[in-house]
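A.B. asks: For reference, the structure I am asking about is given below.
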Amino acid sequence: MIPELGHFALALAIAFALAQAVIPLWGAHRGDVRLMQAAPALALGQALALSVSFGCLIYASVMDDFTVLNVAENSHTLKPLLYKITGAWGSHEGSILFWCLILGLCGAAVALFSAPLPASLRARVLGVLALSAFGFELFTLIESNPFARIWPAPDNGRDMNPLLQDPGLAFHPPILYSGYVGMAIPFAFAIAALLEGRIDAAWGRWVRPWTLAAWCCLTGGIALGSWWSYYVLGWGGFWFWDPVENASLLPWLTATALLHSAIVVEKREALKIWTVLLAIGAFAFSLSGTFLVRSGILNSVHSFANDPARGVFILGLLGLLIGGSLLLFAIRAPLLGASGVFAAVSREGALVMNNILLCSITAVVLTGTMYPLFADLLLSQKISVGPPFYNATVLPLAAPVFVAMAVGPLMSWKRTALMPALLKLWWVALIAAIVGIVATFGMNALPALFMAAAAWMILGAFADIIERIRLFRIPLGSSLSRLVSLPLQAFGTTLGHAGLGVTVAGIAGMSMAVQEVVLVKPGATVHLAGYDWTLQELHDAAGPNYNARVATIAVRQDGRLITTLAPERRAFTTQTMTTTEAKIHTNLTRDLYAVLGEERDGAAVLRLHDNTMAPLIWLGALVMAAGGACSLADRRLRVAAPKRAAKSDAVLAGRT
Amino acid sequence: MNRRLLLAAPFGVALLGGGAFYAMLRGLQTGSFDPRGVPSQLIGKPLPEFQLPGFSRADVLAQKRPVIINFFASWCVPCVDEAPTLMALHQRGVPIWGIAYKDKPAATQGFLARHGNPFTNLASDEPGLVAIDWGVTGVPETYLIDAQGIVQWRFVGPLPDAAVDGLSKLVAS
């Protein structure tokens with residue numbers, strides 16, 4: 001009964017979405033306020049229906065209802081409760097429904113927080129959101145119904161892929177999806193602006209918080225995915241330039257560019273057409289990522305049970321959404337036209353530079369990801385593009401971004417000179433140079449250079465705040481009072497930029513990581529990276545749906561016990577699959593990392609890593625996301641902003 | 001005018017990309033595009049010499065027309081999946097020759113009795129040595145040999161239904 005209820009709720013959501021797409025858009029076209037005002041209630045209805053639908057799926061999973069095909073294929077009575085819940089978004093069908101749910105919730109959020117928006121813009125934004133939601137919900141219902149029944153029901157389910165039974169991965173999809181789907185909101189704003197034929201500063205101010213929120217989630221989601229591959233796959237690496245990783249990096253790069261170009265729209269009413277294109281691009285990349293993963297076109301660890309027929313449906317949907325919006329862009333963008341002027345050397349100029357570089361990196365990553373596919377299609381050649389390509393192309397483009405990141409925020413709007421900004425950074429440059437030189441003692445030239453870049457970025461990020469509070473130039477007390485009155489957005493920028501610096505430091509530091517694969521008997525000791533690793537014993541342990549072999553490794557430094565690591569090898573009974581459970585001891589500057597391999601003649605294969613500075617990689621991403629959240633909390637970005645802006649516009653108008 | 005052209009460029013790029021992805025998906029369905037596949041070394045080369053209980057290379061060449069050769073086994077689950085597709089090809093008059101890979105003759109006969117026999121000729125490669133010569137990666141695997149005895153095409157895994165039309169046209173021409 002419950003699955004049918006979920007099925008019905010899904011159908012109901014589609015009806016809501018269709019109404020929410022048609023009525024407000026028609027109303028906005030006709031200028032009919034009553035039709036436009038229907039949008040928020042319909043958006044809430046759609047979100048409610050989707051929540052009920054997804055709730056029913058979770059219920060079926062938790063109750064082990066194996067008459068539901070999706071549950072039978074992905075669950076098992078012995079699966080821990082947490083994974084029964086999170087498993088609801090682990091399968092293809094469930095994850096697509098989850099995708100729809102988040103889109104529905106985004107619509108509800110816009111409906112709730114957009115009351116001050118002009119009526120027609122609000123109606124159009126909600127209408128466009130509903131239009132995309134309608135397509136994806138239709139896809140769920142027709143091509144991948146999570147509530148399909150199976151009869152006779154199997155005695156037990158087939159269980160979930162053991163690699164996915166991990167707390168990190170349980171929360172990776174929701175956060176990543178919120179980022180992907182969140183890009184639908186700037187997209188909807190862009191399409192609404194094209195329909196309106198008008199973009200102003202208020203539009204920029206409205207788009208930015210939504211982009212920022214989605215960007216924070218995307219940053220967190222990517223970092224969580226990378227962390228998962230670091231400690232679950234047990235390879236000790238953190239980024240593999242896997243096509244699916246790239247598919248998440250592309251919207252992130254585009255969204256980062258959008259975040260910066262929207263500032264220019266907000267402050268100077270320039271770069272309007274470009275910003276609209278970026279908003280469409282960020283969402284288009286989010287959608288294409290999903291499509292590529294699910295169609296079976298890309299080779300990856302992330303493959304779902306893929307089916308080309310499903311792929312054709314999604315491709316058609318994407319064709320309509322992306323193609324349609326770009327066609328609209330081609331027709332309507334010329335209307336947006338003329339904008340504020342600025343000199344090449346100015347804050348705006350720096351932001352344009354940021355956009356050019358980020359988009360170049362996007363283009364390079366896109367080329368690397370797509371080239372093998374196109375070479376196979378057009379030239380029938382098998383080519384694989386791997387890390388050497390990306391290192392050779394992305395690093396030269398990333399370097400100027402790193403350099404410019406510290407300078408940009410110190411430049412003033414409209415017209416400025418480069419020298420004063422550079423002079424403010426002399427101490428940063430000095431420290432960065434020292435860091436770089438010191439680093440050459442421990443690592444190669446290239447990582448040392450990036451170490452220096454990291455120092456430059458982190459300190460440079462704080463230079464802006466130090467300038468603003470005039471530290472050491474006015475009494476400390478006045479500096480502190482200036483610090484307190486600084487807008488949160490300033491701290492957001494600083495944290496965002498410094499976070500990237502921290503990540504870069506982590507990546508550069510990883511070049512000093514050492515690892516060793518050893519065959520040791522219990523009682524034996526291995527020396528690695530200044531630590532004594534003693535394999536104390538091996539024993540069997542039973543888990544809820546697996547049997548584990550556990551090694552106990554004591555790590556000592558100069559005879560002092562640092563930590564005891566207990567890596568496991570787990571044999572899952574239902575899926576007849578073995579996974580390795582790496583164990584990591586971290587003190588935030590280095591990871592001691594141990595993996596248990598096969599056993600032979602009473603001896604066990606151990607893989608031991610000393611990953612210097614590795615935690616900084618994810619810590620940096622966390623700082624970046626925190627910067628975004630900080631900026632989001634700024635009063636100026638909040639709901640009342642456009643009203644106040646409208647008032648100040650009126651004041652200005654009165655003055656002229 | 002230039003500006004309009006520039007603004008239409010993203011649409012053009014999306015159109016091209018969409019077209020290419022459609023071609024890839026179609027290719028996935030018909031078996032002409034396989035991003036996971038490892039290319040066969042045999043493509044474009046003459047059929048390697050072999051002599052099996054059932055038929056030999058000479059028998060294939062003597063046909064003077066294209067032949068499809070399918071490696072299968074009674075113990076292979078995807079082969080059960082593939083059986084209806086092969087039957088459909090057989091009903092269109094496409095000559096399919098089967099090689100039973102590492103399979104007992106009695107088991108092979110049982111399999112053909114259960115799932116239908118689409119094969120014009122049947123050989124048995126019980127030791128699996130011919131499969132090594134051909135570079136077979138698993139069962140089922142399908143090869144298209146042209147009238148001159150050159151290997152033109154190989155497909156790994158169960159043949160998709162969408163491949164039936166294309167193959168019967170190819171073999172007929």
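A.B. asks: Can you tell me which residue in segment A:113-172 is modelled with the highest pLDDT, limited to those that are touching a strand residue (DSSP E or B) at 6+ places or on another chain (Cβ under 9 Å) and in a helix (DSSP H, G or I)?
C.D. replies: Among them, the one singled out is A:162.
A.B. asks: Name the residues in segment A:578-597 that are over 16 Å from residue A:168 (Cα atoms) and touching a strand residue (DSSP E or B) at 6+ places or on another chain (Cβ under 8 Å), would you?
C.D. replies: Of everything in segment A:578-597, those that are over 16 Å from residue A:168 (Cα atoms) and touching a strand residue (DSSP E or B) at 6+ places or on another chain (Cβ under 8 Å) turn out to be A:578, A:585, A:586, A:589, A:590, A:591, A:592, A:593, A:594, A:595, A:596, A:597.
A.B. asks: Looking only at segment B:1-36, count how many residues are over 24 Å from the mean Cα position of the chain (by Cα) and either surrounded by 18 or more Cβ atoms within 10 Å (Cβ to Cβ) or within 7 Å of another protein chain (Cβ to nearest Cβ) (or both). Write out each step before concluding.
C.D. replies: Here is the first cut: in segment B:1-36, the residues over 24 Å from the mean Cα position of the chain (by Cα) are B:1-19.
Then keep just the ones that are either surrounded by 18 or more Cβ atoms within 10 Å (Cβ to Cβ) or within 7 Å of another protein chain (Cβ to nearest Cβ) (or both); that gives B:3-4, B:7-8, B:10-11, B:14-15, B:17-18.
Adding up the residues that qualify gives 10.
Here is a yes/no grid of residues against (1) part of a helix (DSSP H, G or I); (2) on the phi > 0 side of the Ramachandran plot; (3) more than 37 Å from the chain's Cα centre (by Cα):
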residue: A:460; (1), (2), (3): yes, no, no
residue: A:481; (1), (2), (3): yes, no, no
residue: A:490; (1), (2), (3): yes, no, no
residue: A:517; (1), (2), (3): no, no, no
residue: A:540; (1), (2), (3): no, no, yes
residue: A:574; (1), (2), (3): no, no, no
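A.B. asks: Would you confirm, using the coordinates I've provided, whether residue A:256 is among the polar types (S, T, N, Q), over 22 Å from residue A:343 (Cβ atoms), part of a helix (DSSP H, G or I) and modelled with pLDDT under 90? Step through it out loud before you land on a result.
C.D. replies: Numbers: among the polar types (S, T, N, Q): yes; over 22 Å from residue A:343 (Cβ atoms): yes; part of a helix (DSSP H, G or I): yes; modelled with pLDDT under 90: no.
Against the criterion (among the polar types (S, T, N, Q), over 22 Å from residue A:343 (Cβ atoms), part of a helix (DSSP H, G or I) and modelled with pLDDT under 90), residue A:256 does not qualify.
A.B. asks: Looking at (1) part of a helix (DSSP H, G or I); (2) buried (at least 16 other Cβ atoms within 10 Å of the Cβ); (3) modelled with pLDDT under 90, which one does residue A:416 not meet, given that it meets all the others?
C.D. replies: (1)
A.B. asks: Restricting to segment A:581-616, what's the tally of residues that are part of a loop (DSSP other than H, G, I, E, B) and crowded, with 21+ Cβ neighbours inside 10 Å?
C.D. replies: The initial filter retains those residues of segment A:581-616 that are part of a loop (DSSP other than H, G, I, E, B), namely A:582, A:587-589, A:601-602, A:613-614.
With crowded, with 21+ Cβ neighbours inside 10 Å added as a condition, the list becomes A:582, A:613-614.
Within segment A:581-616, residues that are part of a loop (DSSP other than H, G, I, E, B) and crowded, with 21+ Cβ neighbours inside 10 Å number 3.
A.B. asks: Please state which one of A:428, A:403, A:352 is assigned to a helix (DSSP H, G or I), at negative phi and crowded, with 20+ Cβ neighbours inside 10 Å.
C.D. replies: Numbers: A:403 fails: crowded, with 20+ Cβ neighbours inside 10 Å; A:352 fails: crowded, with 20+ Cβ neighbours inside 10 Å.
Just a single option satisfies the conditions, and that option is A:428.
A.B. asks: Which numbered condition trips up residue A:329, out of (1) more than 14 Å from chain B (Cβ to nearest Cβ); (2) in contact (Cβ under 8 Å) with a residue 12 or more places away in the chain; (3) in a helix (DSSP H, G or I)?
C.D. replies: Going through the list (1) more than 14 Å from chain B (Cβ to nearest Cβ); (2) in contact (Cβ under 8 Å) with a residue 12 or more places away in the chain; (3) in a helix (DSSP H, G or I), residue A:329 breaks only (1).
A.B. asks: I'm trying to understand the selection: among the residues of segment A:61-88, which are assigned to a helix (DSSP H, G or I) and surrounded by fewer than 24 Cβ atoms within 10 Å (Cβ to Cβ)? Give the derivation first.
C.D. replies: Going residue by residue through segment A:61-88, those that are assigned to a helix (DSSP H, G or I) are A:61-62, A:69-74, A:81-88.
Within segment A:61-88, A:62, A:69, A:72, A:73, A:81, A:82, A:84, A:85 meet the criteria.
A.B. asks: Also, I was wondering about something else. Being without any contact (Cβ under 8 Å) to a residue 24 or more places away in the chain, over 17 Å from residue A:135 (Cβ atoms) and part of a loop (DSSP other than H, G, I, E, B), is that true of even one residue in segment A:35-47?
C.D. replies: The answer is yes, given that some residue of segment A:35-47 is without any contact (Cβ under 8 Å) to a residue 24 or more places away in the chain, over 17 Å from residue A:135 (Cβ atoms) and part of a loop (DSSP other than H, G, I, E, B).
A.B. asks: To continue, here is another question. Given the residues B:132, B:99, which is the only one that is among the β-branched types (Val, Ile, Thr) and out of contact with any strand residue (DSSP E or B) (no Cβ under 8 Å at 6 or more places or on another chain)? Give the steps one after another, and end with the answer.
C.D. replies: Numbers: B:99 fails: out of contact with any strand residue (DSSP E or B) (no Cβ under 8 Å at 6 or more places or on another chain).
Result: B:132 is the single residue among B:132, B:99 that is among the β-branched types (Val, Ile, Thr) and out of contact with any strand residue (DSSP E or B) (no Cβ under 8 Å at 6 or more places or on another chain).
A.B. asks: So, of the residues in segment A:240-270 that are of a type in the set (A, V, I, L, M, F, W, C) and within 14 Å of another protein chain (Cβ to nearest Cβ), which turns out to be surrounded by the most Cβ atoms within 10 Å (Cβ to Cβ)?
C.D. replies: A:247
A.B. asks: Right, next: Is there a residue being at the interface with chain A (Cβ under 8 Å from one of its Cβ atoms), within 17 Å of the chain's Cα centre (by Cα) and in contact (Cβ under 8 Å) with a residue 12 or more places away in the chain anywhere in segment B:39-50? Write out each step before concluding.
C.D. replies: First, pick out the residues of segment B:39-50 that are at the interface with chain A (Cβ under 8 Å from one of its Cβ atoms): B:39.
From what is left, the residues that are within 17 Å of the chain's Cα centre (by Cα) are B:39.
Imposing the further condition that a residue be in contact (Cβ under 8 Å) with a residue 12 or more places away in the chain reduces the set to none.
The answer is no; no qualifying residue exists.
A.B. asks: Does residue A:363 satisfy the condition of being closer than 25 Å to residue A:248 by Cβ, within 14 Å of chain B (Cβ to nearest Cβ) and in a helix (DSSP H, G or I)?
C.D. replies: On the way: closer than 25 Å to residue A:248 by Cβ: yes; within 14 Å of chain B (Cβ to nearest Cβ): yes; in a helix (DSSP H, G or I): yes.
Spelling it out, residue A:363 is indeed closer than 25 Å to residue A:248 by Cβ, within 14 Å of chain B (Cβ to nearest Cβ) and in a helix (DSSP H, G or I).
A.B. asks: When you go through A:60, A:17 one by one, which is the residue that is in contact with a strand residue (DSSP E or B) (Cβ under 8 Å, 6 or more places away or on another chain) and either at pLDDT below 90 or closer than 17 Å to residue A:98 by Cα (or both)? Let's see the steps before the verdict.
C.D. replies: On the way: A:17 fails: in contact with a strand residue (DSSP E or B) (Cβ under 8 Å, 6 or more places away or on another chain).
Exactly one of A:60, A:17 is in contact with a strand residue (DSSP E or B) (Cβ under 8 Å, 6 or more places away or on another chain) and either at pLDDT below 90 or closer than 17 Å to residue A:98 by Cα (or both), namely A:60.
A.B. asks: Within segment A:89-134, restricting attention to residues that are of a type in the set (Phe, Trp, Tyr) and buried (at least 21 other Cβ atoms within 10 Å of the Cβ), which residue is nearest to residue A:12 (Cα to Cα)? Walk me through how you get there before you give the answer.
C.D. replies: So in segment A:89-134, the residues of a type in the set (Phe, Trp, Tyr) come out as A:89, A:98-99, A:113, A:134.
Checking which are buried (at least 21 other Cβ atoms within 10 Å of the Cβ) leaves us with A:89, A:98-99, A:134.
Numbers: A:89: 21, A:98: 16, A:99: 17, A:134: 11 Å.
For segment A:89-134, the residue satisfying everything is A:134.
A.B. asks: Can you spot a residue in segment B:52-73 that is surrounded by fewer than 20 Cβ atoms within 10 Å (Cβ to Cβ) and within 14 Å of chain A (Cβ to nearest Cβ)?
C.D. replies: no
A.B. asks: Taking residue B:85, is it at pLDDT 90 or above and buried (at least 16 other Cβ atoms within 10 Å of the Cβ)?
C.D. replies: Working: at pLDDT 90 or above: yes; buried (at least 16 other Cβ atoms within 10 Å of the Cβ): yes.
Yes, satisfied.
A.B. asks: Something else about it: Could you tell me whether residue A:21 is under 13 Å from residue A:133 (Cα atoms), among the hydrophobic types (A, V, I, L, M, F, W, C) and either in the same structural domain as residue A:197 (by TED's automatic domain parsing) or in contact (Cβ under 8 Å) with a residue 60 or more places away in the chain (or both)? Talk me through it step by step, then tell me what you get.
C.D. replies: Values: under 13 Å from residue A:133 (Cα atoms): yes; among the hydrophobic types (A, V, I, L, M, F, W, C): yes; either in the same structural domain as residue A:197 (by TED's automatic domain parsing) or in contact (Cβ under 8 Å) with a residue 60 or more places away in the chain (or both): yes.
So residue A:21 fits the description; yes.
A.B. asks: I've got another one for you. Given the options A:320, A:287, A:335, name the one that is part of a helix (DSSP H, G or I), under 25 Å from residue A:193 (Cα atoms), more than 9 Å from every other protein chain (Cβ to nearest Cβ) and at pLDDT below 85.
C.D. replies: Details: A:320 fails: at pLDDT below 85; A:287 fails: at pLDDT below 85.
Checking each option against the conditions leaves just A:335.
The values are calculated or read from the model by the stated rules, or taken from the named source; none is laboratory data. Computed from a predicted model, the values in this text were never measured in an experiment. Note that each Cβ is placed from the backbone with ideal geometry, even for glycine, and that neighbours are counted across all protein chains shown.
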